Structure formats: C-alpha cells, structure tokens
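For reference, the structure is listed below as structure tokens.
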Amino acid sequence: MSKVKSLHEAVRAGDLPALTALLQEDPGLANAVSETDARGTYPLHVAAEANQAAAARVLLQHGADVALLDAENDSIALCWAAFMGHVELVEVLLAAGSEPSQRNKNGLTPLGCAIGGTEGKWQRFSKATLEDWAKARDIIRANGGVE
C-alpha cells in the first residue's frame with residue numbers, strides 16, 4: 001500500500017499513532033491528494049468527512065493546508081465539515097485560519113452548507129443532528145462567514 005493511501009486510511013480511522021508516524025517520515029503527506037478517491041480529496045477533507053478532529057489537529061501541526069480544494073466541488077475542508085454537521089471540525093478548521101466564506105463551484109459557502117443541514121438537506125449523508133448543523137452555522141457566522 002502506498003504511503004498516501006496509508007495516510008488517508010489512518011486519517012479516516014482516527015489512527016493517530018500511524019498518522020503521526022507517516023507524517024514524521026514525510027511531512028508532505030499532509031497535503032497529498034488521494035490516489036483512489038475520485039473526488040480528489042486531501043487529508044483534511046477526509047478528516048472533515050469522517051469526523052476525525054484529532055486527526056485534523058495532527059495534520060495541521062504537520063502543515064496541512066486549509067485552502068486546498070477537492071476536485072469534485074472545489075470545496076475546502078471547512079465546507080465538508082459544515083456539510084456533514086461536524087461541529088468540532090468546523091471549530092478546528094476555523095481556528096487554523098480556514099476561510100469561512102469560500103465558495104465552492106456550486107456557489108455554496110461553509111455557512112450555506114451548514115444552513116442546508118439545518119433545513120434537513122444533508123441528512124442522508126450524515127448522522128449529524130439538526131442541532132449539530134445549527135451549532136456549525138452559528139460558529140461559522142460568528143467567525144464572519146456569509147451565505
């Protein structure tokens with residue numbers, strides 16, 4: 001298995017020892033695009049989707065770039081976290097300087113993604129509650145995010 005695939009799997013599983021070991025060996029992996037995900041995800045996207053806040057923190061400590069866009073929607077990881085209703089990831093990514101008003105190719109900002117969640121639009125994609133999406137919305141709005 002390649003190092004990139006191993007890293008993405010460690011992020012998804014929240015395997016912090018494996019993640020840390022891979023990044024210590026090759027810090028560039030923190031910004032390595034997936035070799036197998038057709039959506040063109042980066043490690044922070046994987047962390048956002050899988051609700052792995054601790055993994056996101058480790059990635060950020062090793063230079064992960066919050067501005068990287070996935071290939072499918074031109075979305076930053078913050079958009080993914082908001083779309084999934086993962087409140088702690090929203091907080092982690094905003095604290096790391098993620099842009100709260102970055103639009104994806106569909107015109108959605110992280111705030112727009114969170115608002116869609118409060119309207120029940122993304123429930124089939126996530127186990128988040130409407131309250132989770134409302135918290136994400138409020139945090140993004142408090143950090144200057146616009147719809």
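Counting only residues that are surrounded by 15 or more Cβ atoms within 10 Å (Cβ to Cβ) and acidic (Asp, Glu), the stretch 4-50 holds 4 of them. Looking only at residues of the stretch 124-136 that are more than 15 Å from the chain's Cα centre (by Cα) and of a type outside the set (Gly, Ala, Ser), we find that the one that is nearest to Ser101 (Cα to Cα) is Lys135.
Do we find that Asp74 is farther than 23 Å from Gly40 by Cβ and either more than 11 Å from the chain's Cα centre (by Cα) or surrounded by fewer than 16 Cβ atoms within 10 Å (Cβ to Cβ) (or both) in this structure?
On the way: farther than 23 Å from Gly40 by Cβ: no; either more than 11 Å from the chain's Cα centre (by Cα) or surrounded by fewer than 16 Cβ atoms within 10 Å (Cβ to Cβ) (or both): yes.
So Asp74 fails the test.
Could you please find all residues in the stretch 2-22 being of a type in the set (Gly, Ala, Ser), under 17 Å from Val33 (Cβ atoms) and within 19 Å of the chain's Cα centre (by Cα)? Step through it out loud before you land on a result.
Residues of the stretch 2-22 of a type in the set (Gly, Ala, Ser): 2, 6, 10, 13-14, 18, 21.
Checking which are under 17 Å from Val33 (Cβ atoms) leaves us with 2, 6, 10.
Once the filter is applied, which keeps residues that are of a type in the set (Gly, Ala, Ser), under 17 Å from Val33 (Cβ atoms) and within 19 Å of the chain's Cα centre (by Cα), the stretch 2-22 yields Ser6, Ala10.
Every read-out reported here was derived from the displayed coordinates using simple, explicitly stated rules and does not represent laboratory data. Bear in mind that the values here come from a model prediction, so they are computed numbers and not experimental data. All Cβ positions, glycine included, derive from the backbone under ideal geometry; neighbour counts span all protein chains shown.
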